[in-house]
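The values are calculated or read from the model by the stated rules, or taken from the named source; none is laboratory data. Keep in mind that this is a model prediction, so the values were computed, not measured. Positions of Cβ are generated from backbone atoms using ideal geometry, with glycine treated the same way; all protein chains shown enter the neighbour counts.
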Amino acid sequence: MSRMPERRRIRVVPLLVSLVLFAIVMRAVLALPTSAEGLSGAMTAGAKASGIKNVVTAVLLDFRGYDTLLEIAVLMLATVAVLSLRARPDALSRKITDTAGPVLGSLTRAFVPIMIVVAGHLVWIGSSGPGGAFQGGAVLGAAGILLALSGYARPRWSAGRPMRWVLAVGLLTFIGVALLPLFGDGTLLQYPDASRKDLLLLVEVLLTLSIGASLTSLFLASASDTSAEERS
Amino acid sequence: MSLVVHLPALLIIAPLAGACASFVAGRRRAPYVALTVAAVNGTLALALAARVLAEGPWRYRIGGWGAPVGIDLVADGTAALFLVLSAAVGLAVTIYASAYFRSSDPAAYGHGLFWTLWLFMSTSLNGLFLTGDVFNVYVCIELVGISAVTLVTLSGGPDALRAGLRYLFASMLGAMTYLLGVALLYAAAGTLDMATLRQTLVADATAATGLAFMVAALVLKTALVPAHFWLPTAHASAPTPVSAALSALVVKGSYFVILRLLLDVAPPGYLGGVDIALGVLGSVAIVWGSVQALMQDRIKLLVAYSTVAQIGYLFLVFPLARAGGDVLALALGGALVHVISHGLAKAGLFLGAGSLITRFGHDRIADMAGAARALPVLALGVSLAGVTMMGLPPSGGFAAKWLLVSAALATGQWWWAVVLVIGGLLAAAYMFRLIRILLAGGDPELRPSASPLRTEWVPLALSAAAVMLVFAVPLIVRLAEAGTTLLAAGVTP
Amino acid sequence: MSSHYVYAMGGVVLFALGTYALLARPHLIHKVIAANFMGSGVFLVLIGLGNRTAAEPDPVPQAMVLTGIVVTVAMTALGLAIVKRYYSATGMTTLDAPGEDGERR
């Protein structure tokens with residue numbers, strides 16, 4: 001490993017740039033009125049109409065669902081990108097053993113089932129309180145990383161066909177649900193009132209799966225023993 | 001509702017679904033998915049342009065909510081032009097890449113994931129051209145950035161990785177600055193929708209600061225001098241199809257948003273002297289980029305610096321737009337014709353240069369002498385691309401310069417016309433140098449290696465299209481006029 | 001001055017710090033962390049300013065921050081993967097060789 005550079009000079013131009021930026025933004029922030037409603041009024045009214053009790057979830061999935069759709073695309077894209085960056089086809093063939101051990105192993109066996117249940121709860125509670133697909137997916141991802149660190153999950157699973165399907169299923173389902181209204185009288189993502197809750201739940205569950213798989217795959221696909229890699 | 005109304009949504013969903021499909025389809029079938037999507041994308045883009053011409057622009061309310069609560073897609077003339085360009089270049093690049101990426105080494109070029117990355121990039125570009133919401137722009141820009149950076153690194157060599165890292169850090173800086181700008185703008189104006197902003201934006205220090213930050217970040221992403229430092233190495237070290245897409249399309253994506261923000265959303269003169277500053281920087285870019293291009297020994301770096309120079313032309317529209325009315329129409333028409341002609345010609349030039357590199361096995365311009373004898377189709381493609389770059393009549397590049405010069409003279413700001421002429425002369429200098437070497441001299445026994453036919457014909461087709469664009473100029477101007485009024489129109493399906 | 005301004009101002013400080021580090025520090029991992037600093041700064045500004053409402057906090061900035069966090073994670077993951085690949089290809093942890101003036105350029 002290369003050592004960090006010894007001297008740390010303060011570089012003048014970046015310092016000036018950040019000081020100027022700081023001053024400009026501070027002035028802009030302090031110039032704002034101390035109270036402002038923004039869109040919160042309209043959003044709260046709309047949330048009541050859509051039947052989702054938690055306003056933030058309503059904004060994320062209903063009003064600005066298109067942003068969420070693209071955001072899932074970003075996460076999936078990052079996973080594809082990291083997969084494309086692995087150096088050799090067999091770069092993922094080694095099991096992760098440097099971190100595995102008896103203590104980590106038993107803790108993993110104890111915690112991962114609990115984490116899965118917590119993830120499910122976070123998704124379910126999302127309609128009436130803070131929670132949702134991303135939160136649940138993050139917990140699932142953490143569980144996946146624990147499994148990787150203790151050697152249960154193998155790096156090469158991140159590049160295989162089954163994992164590709166798990167990664168894609170969330171986005172594909174979301175796209176399918178988004179296109180459904182086009183067959184009727186609605187625009188993209190205009191969920192019909194009757195089936196709104198069920199459709200959203202389906203999308204959220206599959207998204208949670210995909211997000212968890214993405215986060216785990218991001219970790220697995222980067223996992224390689226650097227010191228043993230050849231310099232190409 | 002008829003299907004035509006849904007075109008904006010379909011233009012985004014089609015490549016996105018295609019990206020997922022290509023990912024699960026595996027490396028052998030992915031190119032076919034990409035070709036299908038490219039064809040579908042082209043059809044949809046043309047259909048959208050046809051409808052804008054026939055019935056005018058319209059807004060598409062996603063989720064049925066409508067702005068400012070929901071997100072609207074905006075289908076107008078300017079968007080249609082960029083979409084058609086993106087579809088055309090995308091199709092050409094897809095066809096070229098299907099030949100370029102045939103390699104026996106499974107690890108080469110990202111383990112066959114080029115197609116998925118490419119389709120994500122197509123989705124995000126279409127998203128940028130259609131969106132009417134400033135936060136949605138952020139998400140699309142991040143999509144473009146991540147896919148573009150990864151595509152740059154795809155060859156895996158240290159130069160490509162270094163160029164990709166520089167591009168990544170510039171992207172990160174730009175994205176965070178843009179988001180800060182959105183935060184300030186929303187805090188001051190209370191909405192994220194472009195049309196609502198247009199109606200409610202008042203002279204407010206915080207909103208202006210936010211807008212300025214947004215524009216500055218987009219200027220960094222469009223690589224306007226002096227924020228161009230990341231572009232030459234990124235565009236030159238990327239695999240050839242990626243270079244073509246980066247120069248022709250990706251920088252135009254952030255430019256499109258600047259057009260929207262400064263010409264449609266903000267009232268004229270809202271940001272003070274920023275439009276003049278952009279014009280000045282554009283002029284510097286034209287001169288600096290051309291001078292740098294003249295000094296390059298390696299063909300892809302020459303073409304990349306040419307992009308830096310040509311981007312400068314795009315920013316001349318802002319000082320000219322101040323005058324409003326007919327001059328704005330002229331200037332905007334000139335900028336849009338330039339976007340399309342440069343997009344087509346630069347893609348043709350990059351693909352042609354890449355083919356030359358593949359056939360010769362090296363990228364030194366001086367050692368490609370006499371290539372025209374052995375590779376006449378390629379040499380013709382490069383020469384025709386040069387015609388558009390120099391702005392020689394009759395070509396799309398000439399039409400663009402003509403419109404911009406007319407706008408400059410109409411406002412009495414003759415100095416921009418001088419810059420345009422100087423730019424044309426400098427472009428002639430570096431393009432002639434390249435073409436002269438290709439056409440004359442060299443070893444009569446030169447036998448470059450073989451390559452599939454389409455790597456020769458696709459660059460020629462693109463360059464020829466750029467030249468023929470001059471016949472399409474009236475159509476482009478008509479579409480452009482269906483542009484700047486759209487945000488106020490508020491027409492719903 | 002209400003308490004939410006403290007968060008907004010803290011966010012601005014973070015943003016400025018991150019900008020300095022992204023531009024000035026040559027080590028690649030530092031640059032990636034610096035970008036995350038900038039991101040956290042912007043999120044704090046969004047949340048702080050979104051708290052100026054009379055009753056419930058404004059949900060739109062919260063949704064923006066949630067989206068922003070996911071996008072930043074994605075970008076960070078990509079950055080780290082490229083840095084790792086670059087390191088294994090060149091053995092370097094900076095863009096230019098140490099000893100040269102390692103700016104961001």
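Per-residue answers, yes or no, for (1) of a type outside the set (Ser, Thr, Tyr); (2) at negative phi; (3) more than 7 Å from chain B (Cβ to nearest Cβ):
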{"site": "A:49", "(1), (2), (3)": "yes, yes, yes"}
{"site": "A:54", "(1), (2), (3)": "yes, yes, yes"}
{"site": "A:63", "(1), (2), (3)": "yes, yes, no"}
{"site": "A:68", "(1), (2), (3)": "no, yes, yes"}
{"site": "A:88", "(1), (2), (3)": "yes, yes, no"}
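If a residue must be in contact with a helix residue (DSSP H, G or I) (Cβ under 6 Å, 6 or more places away or on another chain) and more than 27 Å from residue B:276 (Cα to Cα), how many such residues does segment B:393-428 contain?
Residues in segment B:393-428 being in contact with a helix residue (DSSP H, G or I) (Cβ under 6 Å, 6 or more places away or on another chain) and more than 27 Å from residue B:276 (Cα to Cα): 2 in total.
Give just the number: which of (1) farther than 17 Å from residue B:71 by Cβ; (2) more than 8 Å from chain A (Cβ to nearest Cβ) does residue B:120 not satisfy?
Every condition holds for residue B:120 apart from (2).
Just the residues that are part of a helix (DSSP H, G or I), in contact (Cβ under 8 Å) with a residue 40 or more places away in the chain and either more than 11 Å from residue B:115 (Cα to Cα) or of a type outside the set (Gly, Ala, Ser) (or both), please, taken from segment B:1-19.
Scanning segment B:1-19 gives B:4, B:5, B:6, B:7, B:8, B:9, B:11, B:12, B:15, B:16.
Select, from B:238, B:208, B:160, the only residue that is within 12 Å of chain A (Cβ to nearest Cβ), over 26 Å from residue A:22 (Cα atoms), aliphatic (A, V, I, L, M) and touching a residue at least 40 places away in the same chain (Cβ under 8 Å). Working first, answer last.
Details: B:238 fails: within 12 Å of chain A (Cβ to nearest Cβ); B:208 fails: over 26 Å from residue A:22 (Cα atoms).
Result of the check over B:238, B:208, B:160: B:160.
Kindly provide the set of residues from segment B:178-200 that are more than 8 Å from every other protein chain (Cβ to nearest Cβ) and touching a residue at least 40 places away in the same chain (Cβ under 8 Å), ordered by number.
B:178, B:185, B:193, B:194, B:195, B:196, B:197, B:198, B:199
Given the residues B:174, B:132, B:157, which is the only one that is within 22 Å of residue C:18 (Cβ to Cβ) and out of contact with any Phe, Trp or Tyr (no Cβ under 8 Å at 6 or more places or on another chain)?
Sole residue among the options that is within 22 Å of residue C:18 (Cβ to Cβ) and out of contact with any Phe, Trp or Tyr (no Cβ under 8 Å at 6 or more places or on another chain): B:174.
Would you mind finding the one in B:155, B:147 that is buried (at least 24 other Cβ atoms within 10 Å of the Cβ) and either over 21 Å from residue B:345 (Cβ atoms) or touching a residue at least 60 places away in the same chain (Cβ under 8 Å) (or both)?
So the residue among B:155, B:147 that is buried (at least 24 other Cβ atoms within 10 Å of the Cβ) and either over 21 Å from residue B:345 (Cβ atoms) or touching a residue at least 60 places away in the same chain (Cβ under 8 Å) (or both) is B:147.
Among the residues of segment B:30-63, write down those that are among the small types (Gly, Ala, Ser) and closer than 25 Å to residue B:20 by Cβ.
So in segment B:30-63, the residues among the small types (Gly, Ala, Ser) come out as B:30, B:34, B:38-39, B:42, B:45, B:47, B:49-50, B:54, B:56, B:63.
B:30, B:34, B:38, B:39, B:42, B:45, B:47, B:63, listed by residue number.
In segment B:370-446, which helices (runs of 4 or more DSSP H) lie fully inside it and hold 2 or more residues that are of a type outside the set (A, V, I, L, M, F, W, C) and at pLDDT 90 or above?
Per the criteria, B:376-390, B:396-411, B:414-439.
Criterion first (aliphatic (A, V, I, L, M), assigned to a loop (DSSP other than H, G, I, E, B) and more than 9 Å from chain B (Cβ to nearest Cβ)) does residue A:107 satisfy it?
Criteria not met by residue A:107.
Going through segment A:1-39 one residue at a time, which ones are small (Gly, Ala, Ser) and modelled with pLDDT under 90?
Listed by number, the residues that qualify are A:2, A:31, A:35, A:36, A:38.
Exactly one condition in (1) touching a residue at least 24 places away in the same chain (Cβ under 8 Å); (2) in a helix (DSSP H, G or I) is not met by residue B:108; state its number.
(2)
Keeping to segment A:110-155, report how many residues are closer than 27 Å to residue C:67 by Cα and outside any loop (DSSP other than H, G, I, E, B).
29
Would you point out the residue of segment B:143-157, among those that are more than 19 Å from residue A:70 (Cβ to Cβ) and at the interface with chain A (Cβ under 10 Å from one of its Cβ atoms), that is modelled with the lowest pLDDT?
Applying the filter and picking the extreme gives B:156.
Identify, by number, the condition in (1) in a helix (DSSP H, G or I); (2) of a type outside the set (A, V, I, L, M); (3) touching a residue at least 12 places away in the same chain (Cβ under 8 Å) that residue A:165 doesn't meet.
Single failed check for residue A:165: (3).
If I filter segment B:178-209 down to residues being hydroxyl-bearing (Ser, Thr, Tyr) and either surrounded by 24 or more Cβ atoms within 10 Å (Cβ to Cβ) or not in a helix (DSSP H, G or I) (or both), which single residue comes out as modelled with the lowest pLDDT?
B:191
Hey, which of the helices (runs of 4 or more DSSP H) in segment B:261-324, taking only ones fully inside, have at least 3 residues that are more than 30 Å from residue B:239 (Cα to Cα) and in contact (Cβ under 8 Å) with a residue 12 or more places away in the chain? Write out each step before concluding.
Values: elements: B:274-294, B:299-314, B:317-321.
Passing ranges, in order: B:274-294, B:317-321.
Of the residues A:200, A:180, A:207, A:172, which single one is more than 10 Å from every other protein chain (Cβ to nearest Cβ), without any contact (Cβ under 8 Å) to a residue 40 or more places away in the chain, closer than 15 Å to residue A:69 by Cβ and in contact with a helix residue (DSSP H, G or I) (Cβ under 9 Å, 6 or more places away or on another chain)?
Testing whether each residue is more than 10 Å from every other protein chain (Cβ to nearest Cβ), without any contact (Cβ under 8 Å) to a residue 40 or more places away in the chain, closer than 15 Å to residue A:69 by Cβ and in contact with a helix residue (DSSP H, G or I) (Cβ under 9 Å, 6 or more places away or on another chain) leaves just A:180.
Determine which member of the set C:63, C:34, C:8 is facing another protein chain (nearest Cβ under 7 Å), over 19 Å from residue A:35 (Cβ atoms) and buried (at least 20 other Cβ atoms within 10 Å of the Cβ).
Working: C:34 fails: facing another protein chain (nearest Cβ under 7 Å); C:8 fails: over 19 Å from residue A:35 (Cβ atoms).
Being facing another protein chain (nearest Cβ under 7 Å), over 19 Å from residue A:35 (Cβ atoms) and buried (at least 20 other Cβ atoms within 10 Å of the Cβ) holds for just one of C:63, C:34, C:8, which is C:63.
Condition (residue is surrounded by 15 or more Cβ atoms within 10 Å (Cβ to Cβ) and under 21 Å from residue A:177 (Cβ atoms)) applied to segment A:90-113: is it met by at least one residue?
Taking every residue of segment A:90-113 in turn, none turns out to be surrounded by 15 or more Cβ atoms within 10 Å (Cβ to Cβ) and under 21 Å from residue A:177 (Cβ atoms).
Among the residues of segment C:37-49, write down those that are more than 7 Å from every other protein chain (Cβ to nearest Cβ) and more than 20 Å from residue A:138 (Cα to Cα). Spell out how you get there, then give the answer.
Step one: of segment C:37-49, the residues more than 7 Å from every other protein chain (Cβ to nearest Cβ) are C:37, C:40-41, C:43-44, C:47-48.
Result: C:37, C:41, C:44, C:47, C:48.
Is one or more of the residues making up segment B:112-128 polar (S, T, N, Q) and surrounded by fewer than 24 Cβ atoms within 10 Å (Cβ to Cβ)?
No.
Test of understanding: among B:354, B:412, B:423, B:381, which residue is over 19 Å from the mean Cα position of the chain (by Cα) and within 18 Å of residue B:454 (Cα to Cα)?
Only one candidate qualifies: B:381.
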